[in-house]
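Participant: I'd like to ask some things about the structure below.
The values are calculated or read from the model by the stated rules, or taken from the named source; none is laboratory data. It should be emphasised that the depicted structure is a prediction, and the values quoted were computed from it without experimental measurement. Please note: Cβ atoms are built from the backbone with ideal geometry, for glycine as well, and neighbour counts cover all protein chains shown.
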Amino acid sequence: MNIQVKLQAIIEEMEIQIEESRTFLSIKTGEIIVVTSDDLRAAEDEEPFDHLPDWEQEERKIANDVVENFENYKELPTKYELKEYEMLEEFCLTVSDQRIQDILLSVIKGKGAFRRFKDKIIDFEIEDKWYSYRDERFKQIAIEWCLDNNINFSE
């Protein structure tokens, strides 16, 4: 593969993933594309799309290309593969103040964990530390993904 991808572009796409869509890197062009699950299903079922508005036809053509030429695409890590909850937990364990660490570990249990966690890191004025930690983790995941998929990247 001769393409070179900006690592930051991969990271940004990993951060903004949307339910019911999948994100791919074209190994031919280096372009990152997002395809809805509906468009992929329609492409797999070979549903006609000439009756759709132009913008939808374009999206369907991309989905068709992904389905027909799947070997030319690499799917970026999904939000489930990113394991953000584990990131929260691991970050909590890096907090040196034992009291704050205990509180953070307790607020990330159960439903609403992310919201409670964000509230607490603001209260404890460590949100910059969290975002630096998270950014570094995303960067490492993106680098590993590139290496695993033989993708050349620049920082």
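Participant: Any idea which residue in region 64-108 is nearest to Ile32 (Cα to Cα), counting only those that are among the β-branched types (Val, Ile, Thr) and part of a helix (DSSP H, G or I)? Before you say what the answer is, go through the steps one by one.
Facilitator: Residues of region 64-108 that are among the β-branched types (Val, Ile, Thr), as a first pass: 66-67, 78, 94-95, 100, 103, 107-108.
When the remaining residues are screened for being part of a helix (DSSP H, G or I), the result is 66-67, 94, 100, 103, 107.
Numbers: Val66: 12, Val67: 15, Thr94: 33, Ile100: 39, Ile103: 39, Val107: 36 Å.
So, considering only residues that are among the β-branched types (Val, Ile, Thr) and part of a helix (DSSP H, G or I), the one nearest to Ile32 (Cα to Cα) is Val66.
Participant: Tell me, please, whether a residue that is of a type in the set (Asp, Glu), surrounded by 15 or more Cβ atoms within 10 Å (Cβ to Cβ), within 23 Å of the chain's Cα centre (by Cα) and farther than 26 Å from Phe153 by Cβ can be found in region 71-91.
Facilitator: Looking through region 71-91, at least one residue is of a type in the set (Asp, Glu), surrounded by 15 or more Cβ atoms within 10 Å (Cβ to Cβ), within 23 Å of the chain's Cα centre (by Cα) and farther than 26 Å from Phe153 by Cβ.
Participant: Restricting attention to region 47-57, which residues are surrounded by 10 or more Cβ atoms within 10 Å (Cβ to Cβ) and acidic (Asp, Glu)?
Facilitator: Kept after step one, since they are surrounded by 10 or more Cβ atoms within 10 Å (Cβ to Cβ), are these residues of region 47-57: 47, 49, 52, 56-57.
Passing the criteria: Glu47, Glu56.
Participant: Next question, about the same structure. Given the conditions (1) basic (Lys, Arg); (2) modelled with pLDDT of 95 or more; (3) under 20 Å from the mean Cα position of the chain (by Cα), and given that Arg99 satisfies all but one, which numbered condition is not satisfied?
Facilitator: Result: Arg99 passes all but (3).
Participant: Restricting the first residue to region 112-130 and requiring it to be within 13 Å of Leu88 (Cβ to Cβ), which pairs with a second residue that is among the acidic types (Asp, Glu) and in a helix (DSSP H, G or I) meet a Cβ separation below 6 Å and a spacing of at least six or different chains?
Facilitator: Ile121/Glu127
Participant: A follow-up question, please. Residues to consider are Ser37, Ser106; find the one that is at negative phi and modelled with pLDDT of 95 or more.
Facilitator: Ser106
Participant: Hey, another quick one. How many of the residues making up region 40-67 are of a type in the set (Asp, Glu) and closer than 23 Å to Cys146 by Cα? Please lay out each step first, then the result.
Facilitator: Looking only at region 40-67, we keep the residues that are of a type in the set (Asp, Glu), and these are 44-47, 50, 54, 56, 58-59, 65.
Those left that are additionally closer than 23 Å to Cys146 by Cα: 65.
Qualifying residue count for the region: 1.
Participant: Quick one: Thr23 ticks every box in (1) surrounded by 15 or more Cβ atoms within 10 Å (Cβ to Cβ); (2) assigned to a helix (DSSP H, G or I); (3) polar (S, T, N, Q); (4) not assigned by TED's automatic domain parsing to the domain that holds Phe114 bar one, so which box is it?
Facilitator: Against the list (1) surrounded by 15 or more Cβ atoms within 10 Å (Cβ to Cβ); (2) assigned to a helix (DSSP H, G or I); (3) polar (S, T, N, Q); (4) not assigned by TED's automatic domain parsing to the domain that holds Phe114, Thr23 comes up short only on (2).
Participant: Glu13 - would you say it is part of a helix (DSSP H, G or I), within 24 Å of Asn149 (Cβ to Cβ), acidic (Asp, Glu) and in contact with a Leu (Cβ under 9 Å, 6 or more places away or on another chain)? Quick ask: steps written out before the conclusion?
Facilitator: On the way: part of a helix (DSSP H, G or I): yes; within 24 Å of Asn149 (Cβ to Cβ): yes; acidic (Asp, Glu): yes; in contact with a Leu (Cβ under 9 Å, 6 or more places away or on another chain): yes.
So Glu13 passes the test.
Participant: Can you name the condition, by its number, that Leu104 falls short on among (1) more than 29 Å from Glu144 (Cα to Cα); (2) aliphatic (A, V, I, L, M); (3) assigned by TED's automatic domain parsing to the domain that holds Arg137?
Facilitator: In the conditions (1) more than 29 Å from Glu144 (Cα to Cα); (2) aliphatic (A, V, I, L, M); (3) assigned by TED's automatic domain parsing to the domain that holds Arg137, Leu104 misses (1) alone.
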